[in-house]
Each structure stands twice: as C-alpha cells, then as structure tokens.
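Written out below as structure tokens is the structure these notes cover.
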C-alpha cells in the first residue's frame, strides 16, 4: 500500500538561534520542526517543571492527605490495570508510605470487574477496611462507585487524567488537569504524572505544617523512573513538561538509581539499563508490564515495581517475561486469523474494519486492533466474547477520526446498540450484544463515512528530509538516541535515495541490506519485509546504533521503501 511522504518544515532563523547557542545543527533543525522555538525550552532540570500549585485542587488534596497521615487513617489506592495505572499505584504507595501514611493497594481484574472504581470494586475494597480510597489513573467517570463508597462512609480522593463526562463523581477532592476549571498548562500528564504532582504538593504541605524537616525533605526524585515509564507507556503527548519528567527518569535508570523492578524487567528483556532510551521503556518495559494486566492480574506488575531488591524483583520480572511471550503467541495467532478473515473482504471498499472471532482473548484485542490498523490504515475495532451474550470491543483510530465521537454518533443513530463505551480520539473501548455484531459493523461504517474522506485513508509519513553523508555517522546516531522522543514528539525519520548493493532475507521475515549513497555504503535492516527491493530505492529510515559483540556501527532501520 503506497504512502504519502511529507517533509516537516522548520524556521531557519529559529534553527540559527539554537545553533548559535552551541547546539548541533541537525538536532536544532529536528527540535524546531517539532515546535521548540528557543533555548530555554530544552532545559530539562526539575526546577523547570510547572509548579504543583497550578494544578487545581492539588493543595486541597495535600491537606486531606496530611490529615490521613497525622490521624493514621487507612488509605487504599485503587489503580488501573495498564502500565500507567501500575506505575501510578507504585508511586502512590511508595511516596505515601515514605511520608508516613498507612497504605495498601487494590487493582481490579479487568475480566471480572472492568475499568475504574465501580460499586463492585468498592464492595471488594471493604476487605481492606479502608477509611479513604485514593484512585490513580481512574475515577473521573466513577459516579456510581463513589456514591457506593460514600454510602459506606469511605472517603474518596480522585487522581486521574482522563476526560470528564457531563456528571462528575461526588468525591471529597478531584485532581485532574482535564477537569473543568483547571488551568494547568500541561493537559497531557499521564495518571502517574498526576499522582507525582499530588505528592509534590503533599511534601510542600507537610513542610508548611512543620510535619517534615525542610532541610531533609522526602526525596520524591527517587520516583521519577516510575513516572518516566508510565508516561511513555501510556502514549500521552510528550510536551515540554512530560519530556522533563521522562528525561529525569531516564537519567536515574542509566545511573542504576532506579527501582529494582525496572532493572529486572530490562535485564529479562536483554536491554542495557546504562543506555536506556524512551523507546526502550515503550517497546520493552511497558509491554512486559502490560502483559500482567492483559493475561493475568496487574498486582504481579505492581509487586515487581514495589520490590526493594533485585533478589525480590527478579522472580516477578521473569513471570512478566513469560506472560509477555504468551501474549505475543496469542496475538500472533489472532492476527493470522484476522488477516485470513479480511482476505474475504474487499478492504479498499471499506472505511472501517470491525472484526470478531469467538475464541479471541479479551486482553489482547487492543493490540490486535492496533496491528490491523497499521496494516490497512483504517479505523479498526476488534471484539472478543465477554460471556453472557456480550462482546467487548477495543478500537484504534487514524489521524482525522476522533474515535469516541464516531461511537457517540453510532449511539445517537442506534440508541440501544452500544451498551457502554468510552475513550478518546485514537483509542476507545465498548460493549455490545453478540447478536448485534453485524448491525454494529454497518452502523460504525456509516458513522465513519460521515467524518472522513477517501484521502484520509491514505497513510502519510512525516520525515525530516534527507541526511548528508556527513550526518550518517555513529556520533549523530548517538546524539539522537540520547534525546527524548515519543508520542507527539516523534523520533526523527529521514528520506533518501539509495542503491541496493546487497540484500538477503533473515528468518523468513526481515531484510538485511547494504545501501549506497554517493561513495558511502551503509548497513541497513528492514523488519517485517521479506520481499526483495529493486536496485534503486527511495527509503524512509531511522539512524540507529548496531551494537554487536561490543562493536558499534551506524545502521539504517528502514520504515518504508519504494522504487
């Protein structure tokens, strides 16, 4: 499927301003093309974070938590079953215990209880005899759950980052940068970032009330490795504030000054913690942590993150590794079945793909939807049986379509079709009746056709243009790898013409190549591409370091190629 190649634009005067301050010219160009306009915007010191008192209700929340600490009231942290929820739970438990609170945690099993603080979870929470429930990475939509807690005399404090509905819960306090009335400049904090900010406010309040020695404050920076992991894994936009949090967390991991759980997961994944990048957190640590929530219970992942030694952490990390292997096997089988089904469909005639097999695993349908979307560049919703005649669906969208809005449109046209749904622009979840699958397929197709055009279905790749041979070096690759790239601040991709000197298929699914530009030849790899390329190609690629048996060389990782 052909793709449109676009080149990012940038302001030459702004690039010159950064280079005159001593920045590498290529890096200056890349940063300006991503919206950085001045030197001060790349300062990554913690003092450049937005102050916590700008986050609505953070001071009020801090006062509530000080009361909990001074009165030794039992706090139960209720988290979410993904990597953001797991890291947010770990940050809450570590930080609150470190500042004197009595804390335990509970994470709903996604298959039994679904998402958020439901009345059923509140009933389950009673076994901990909590006086206070503190939600992390959920709660803003938990109207019924909070009402149940209130009825039982349990106080509820909510920390969340998801978009609120028209009605918000009757909690004692809500901290959420996306709630109405909150002017916090960064709306992209992950759930773990919100909890970290609450702890910053709590520490300041403890000092103000003479409950903590100002000369020896609790070292919250020690939690930044967890904040970085959750922020990257949740795919929130890496705006300036989030980039500071991630950069600071990465520094701690590289220095070995992070929690043993992250080190153990990296070790199981075969990654060198001393050279860890944001991409390592997103592609290696996050998926292993998420495997617990997808196939088993996220309690396993949280216990790994809370472990106080490598000896304690490693068995958990090994279980996460095994679950991730199992998840990949399940996913591969589901993908094969989905692709076989889609061979019976003229995909080019469809704006959407809604897919379902009765045996599919409920915890893996989100990844499946993502994989099928990548292949066909169409909004995809994958369904699995949830029992009792119901289907759970997980959807992924493409640029140009707000998925939650499209589902909202479906409910207006067919009020009884979708039992419940939620999500945001690029991802959403829903529940329908099994008997209504075909009706949903048609309704979703009709809805999406009213939002997007055929042009939106052609994938576009944004690149940073061509590189000179002077820049295709180990030094440049190293410079780029050290930067924080991710969602909303994409890693650099370049576009160039090469002669294919040699190529061979590795493991029946990847191409190993040698490419020539001018007088220079470069090693290259093209993953998930088994078809040989023509002698002359235009290629979109990333610069990377190939570290093999202690020898480092620059390598081009191809992302797309055409004649």
Lone qualifier among 43, 59 - being touching a helix residue (DSSP H, G or I) at 6+ places or on another chain (Cβ under 7 Å) and either closer than 30 Å to residue 199 by Cα or exposed (fewer than 14 other Cβ atoms within 10 Å of the Cβ) (or both): 59
Some residue of the range 519-530 being at pLDDT below 95, in contact with a strand residue (DSSP E or B) (Cβ under 9 Å, 6 or more places away or on another chain), part of a loop (DSSP other than H, G, I, E, B) and surrounded by 12 or more Cβ atoms within 10 Å (Cβ to Cβ): yes
Yes/no for residue 272 being in contact with a strand residue (DSSP E or B) (Cβ under 9 Å, 6 or more places away or on another chain) and either farther than 26 Å from residue 36 by Cβ or free of Cβ contacts under 8 Å to residues at least 24 places away in the same chain (or both): yes
Qualifying positions in the range 189-211 - surrounded by 20 or more Cβ atoms within 10 Å (Cβ to Cβ) and assigned to a loop (DSSP other than H, G, I, E, B): 189, 190
Index of the failed condition, residue 282 passing every other in (1) in a helix (DSSP H, G or I); (2) crowded, with 19+ Cβ neighbours inside 10 Å; (3) out of contact with any strand residue (DSSP E or B) (no Cβ under 7 Å at 6 or more places or on another chain): (3)
Of the criteria (1) modelled with pLDDT of 95 or more; (2) assigned to a loop (DSSP other than H, G, I, E, B); (3) in contact with a helix residue (DSSP H, G or I) (Cβ under 9 Å, 6 or more places away or on another chain), which one residue 181 fails: (3)
Single unsatisfied condition, residue 425 versus (1) out of contact with any strand residue (DSSP E or B) (no Cβ under 9 Å at 6 or more places or on another chain); (2) free of Cβ contacts under 8 Å to residues at least 40 places away in the same chain; (3) farther than 23 Å from residue 139 by Cα: (3)
Helices (runs of 4 or more DSSP H) wholly inside the range 50-165 containing at least 1 residues that are more than 24 Å from the chain's Cα centre (by Cα) and either farther than 24 Å from residue 203 by Cα or modelled with pLDDT under 95 (or both): 119-125, 143-151
Residue within the range 384-393 that is outside any loop (DSSP other than H, G, I, E, B), touching a helix residue (DSSP H, G or I) at 6+ places or on another chain (Cβ under 8 Å) and under 25 Å from residue 2 (Cβ atoms) present: no
Among (1) in contact (Cβ under 8 Å) with a residue 40 or more places away in the chain; (2) surrounded by fewer than 20 Cβ atoms within 10 Å (Cβ to Cβ); (3) at negative phi - the single one residue 381 does not satisfy: (2)
Positions within the range 531-547 being surrounded by 12 or more Cβ atoms within 10 Å (Cβ to Cβ) and either in a strand (DSSP E or B) or on the phi > 0 side of the Ramachandran plot (or both), in sequence order: 537, 538, 539, 540, 541, 542, 543, 544, 545, 546, 547
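Select, from 445, 374, 359, the only residue that is without any contact (Cβ under 8 Å) to a residue 40 or more places away in the chain and farther than 21 Å from residue 235 by Cα.
Details: 445 fails: without any contact (Cβ under 8 Å) to a residue 40 or more places away in the chain; 374 fails: farther than 21 Å from residue 235 by Cα.
Selected residue: 359, the only one of 445, 374, 359 that is without any contact (Cβ under 8 Å) to a residue 40 or more places away in the chain and farther than 21 Å from residue 235 by Cα.
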Residue in the range 396-408 that is free of Cβ contacts under 8 Å to residues at least 24 places away in the same chain, in contact with a helix residue (DSSP H, G or I) (Cβ under 9 Å, 6 or more places away or on another chain), in a strand (DSSP E or B) and surrounded by 14 or more Cβ atoms within 10 Å (Cβ to Cβ) present: no
Count of residues meeting criterion [within 24 Å of residue 483 (Cβ to Cβ) and free of Cβ contacts under 8 Å to residues at least 60 places away in the same chain] in the range 527-546: 5
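The values are calculated or read from the model by the stated rules, or taken from the named source; none is laboratory data. Being a predicted model, the structure only gives us computed values, none of them experimental. Using ideal geometry, Cβ is built from the backbone for each residue, glycine included, and neighbour counts are taken over all protein chains shown.
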